[in-house]
Amino acid sequence: YNQHYLYIGVYNYDTLGKKSIRVIDFKRDFNTRTSDFVGMTIDGFNDRRNAMVFTTNPHGVQRDFLAFDANYIDLDWDGLWRVRTARSDSGWVAEFAIPWKTLRYAKSDSAFQSWGFNLNRSRRMTNENYAFSPFPRSFNVLRMDYAGIIKGLQPPPPTANVRIQPFFLTSYDRYRNMDGRKPQDAAVKLGGEVKWAINSRAVLDLTFNTDFAQADADRQVNNVTRFSVLFPERRQFFLENASLFGIGVGPASDLSGGSMRIQPFFSRQIGLDSGGNPIPIDAGARFVSRSAKTNYGAMYIRQRGTNSSPLTNYFVGRYSENFGKQSRLGALVTVKSDTGNTNIVGNLDGFVRFNEAHSLNWMFNLSHDSKGNVTGVAGAAQYYYATNQWKIWWTQSLISKSFNPAVGFISRTDVIGTTPGIFWFYRGKHLPFKKIIRSFEPSLLVEFYNQASTGRHIERSFGLSPFWIMLQSGGFMGHVMTPTYQYLTEPFSPLGVKIAAGAYNYTRHTVYWGSDGSKKLSFTWNGEYGTYYDGKLNTTNLSVLVAPIPHISITGRFNRNNFRNVGVNRTTKNIDLLSVEGRFAANPRLQLIGFYQRNTDTKANNYNIRLSWEYQPLSFIYIVFNKREFQSTTRLDTRSQEDHLIAKISYLRQL
């Protein structure tokens, strides 16, 4: 290291050299399950809780994020750092140059510091993982209580530093058969963001005339369940430090924990309408401070008034106190205020890790709307027991009928949910075909729901999977059988199929099959079949990836829902959702990305094409084209269409 950078070089030895390397695309924050990689976790405070993660693959693609207690993760945090890689016949090498200003560490009176550190490598060809400091299989490298220690570092004292990122944008819009829109429009826009790292713990972010033209577009989903779909946040300003504000109870990535989700703050409620269309944001500010004992922050956003939406002010405040090895107690408040209503949500939450295997996450929420003077409550407790062989959970949740998190997300209202479950991970000596099969993982997912306002039992399901195997290649196979009872208190219309209120018993079966996702040709498929309310529904989901070289990646997806004699009108029909996505990269910094979707239910065709050039670290030039074609909602005999062409340049300077 020197006064400006920390340098780290890693040589990844491999007897097969280049032949063993698996990389399928050049997407930043790439999927580590489908790529070779080497990464490091750095705990500059050495409190065994915080982690800054810097990862790369053999082609120098970057992945970085922040983590706290291996539980709350800011995956879309983008730090300013560089990496270059080279591949040879004996392995591959990665060289990192990380500015001290990007790292977070304590100010110390001692000349030398000791930091928590771990190094993690994946050799994807054999699906093997290695670590500098070992950790149990049931955990991951983010558990800094298992990290090693680097001693003798002599970084410069942390100082305040400022990053400014202005942008210039020009756009051309064209509309056809859309009420309230001019046939053509053009605009020029100036704005930007300022990030001031006041010290190693506190950061202030400011945004002006905010624009998200480069954000990835939403993918459509055909939802046949009664749960609301949670679309991910894709806008950079809201993604950073999301872990501090984004507390909640919900399903994990492996679907453990149950289907209920309570999230008192969800940033997609700001600057987007119910259809995902942008609403202008005039300005915003966010302050965050993290330390070994306390974490707190606040966010303010001013959303511009439009013909369809009044001027709206948003505020979010968060405070949490750390205690013990990995436990926390916190509170959060959200406010949404416009000319018609003020919505306030207050939250208390806690997380307790009793020991290595046992943990409890809980929360209690209260909402109030000034319009109508309406108050509602919601709460949940989620217990986990996790070891190398077992994962057991019990989630208990309550959402009242009048609970309204206007700046949050909930799966449904007026419900009491009880959702226990169990996974068993068997890798023992009696496992057959060990060269092919990695583990046997049967499971049981149980869900009970009662109506909160009446106490009536309205739904139950038992997701039984006696057969689920993970392959040594990273592929998988499995079957889930789900007997279900539902009592609909009111009519329900999935994809336009009207189902009357009443009691229903039916059983669904789902077969899963996925290949090695790191190969040049891979696929995932699941077929769901069986009875559905008073009829039948067969669903097919197929995804095929073709990546002949890492510079080219093409994915095709197909979803079909085949209804047979379902609902009031005994509906029989097919609804298809097709999409094609492509990524063409000259290198990790110059890429052309595009996708096309067609939905036969809404008769909609969507295109999104984006050229991205990172001409210097975190400074970009974008050219974006969006096209949306759909059936007019006001004139049923005509088609509506909107086209948007956008050019944007941003420049980042770290002072």
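Tabulated data for the structure shown
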item	result
Relative contact order of the range 557-619, pairs being alpha-carbon contacts under 8 Å that are 6 or more residues apart, as %	24 percent
For F462, net neighbour charge (Lys/Arg +1, Asp/Glu -1) across residues whose Cβ lies under 15 Å away	0
Cβ crowding within 10 Å averaged over residues, with 254-264, 106-116 ranked highest first	254-264, 106-116
Surrounding net charge for Q654, when Lys and Arg each add one and Asp and Glu each subtract one, Cβ distance under 12 Å	+4
Percent carbon-and-sulfur accessible area, the chain, ignoring ligands, DNA and RNA, probe 1.4 Å	58 percent
Whole-number accessible area per residue in Å² for the chain, which is evaluated in the context of all protein chains at 1.4 Å	46 Å²
FRET efficiency estimate (nearest 0.05) - Cβ-Cβ, R456 to A357, R0 30 angstrom	0.25
Check: the chain dipole with +1 on Lys, Arg Cβ and -1 on Asp, Glu Cβ, in debye	960 debye
Stretchable slack from S274 to H368, in nm (0.36 nm times residue separation minus alpha-carbon distance)	31.7 nm
Selected from I270, P483, Q326, residue furthest toward positive end of dipole (the chain; charges at beta carbon)	P483
Mean Cα-pair separation over length for the range 97-163, i.e. relative contact order, pairs under 8 Å, 6 or more apart, %	43 percent
Contour excess over end-to-end distance, with Cα ends at L611 and R82 and 0.36 nm allotted per residue	188.3 nm
Calculated FRET efficiency for the pair A186/L206, C-beta based, R₀ 41 Å, to 0.05	0.90
Among (1) 29.2; (2) 40.4; (3) 33.5, the entry derived from the coordinates for mean projected area of the Cα convex hull in nm²	(1)
Theoretical gain in end-to-end length, A292 to F227 [0.36 nm per residue, Cα-Cα removed]	19.7 nm
Summed residue charge, Cβ within 12 Å of S439's Cβ, Lys/Arg positive, Asp/Glu negative	+3
Förster radius 60 Å - calculated FRET efficiency between L542 and T339, Cβ distance, rounded to 0.05	0.80
Relative contact order of the range 1-55, defined on C-alpha pairs under 8 angstrom at six or more residues apart (%)	20 percent
Cα-centred dipole magnitude for the range 44-144, charges only on beta-carbon of K, R (+1) and D, E (-1), debye, nearest 20	160 debye
Ranked packing of 448-458, 240-250, most packed first, by mean Cβ within 10 Å	240-250, 448-458
Amide N proximity, the range 512-554 versus Y596 label position 7 Å along Cα-to-Cβ, cut-off under 15 Å	554
The range 106-149 residues near the modelled T15 label - backbone nitrogen below 20 Å, point 7 Å along Cα→Cβ	121-131
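The values are calculated or read from the model by the stated rules, or taken from the named source; none is laboratory data. Owing to the predicted nature of the structure, the values given are computational and were not obtained by experimental measurement. Note that each Cβ is placed from the backbone with ideal geometry, even for glycine, and that neighbours are counted across all protein chains shown. Accessible surface areas use protein heavy atoms only, side chains included; no ligands, DNA or RNA. Shrake-Rupley method; radii C 1.70, N 1.55, O 1.52, S 1.80 Å.
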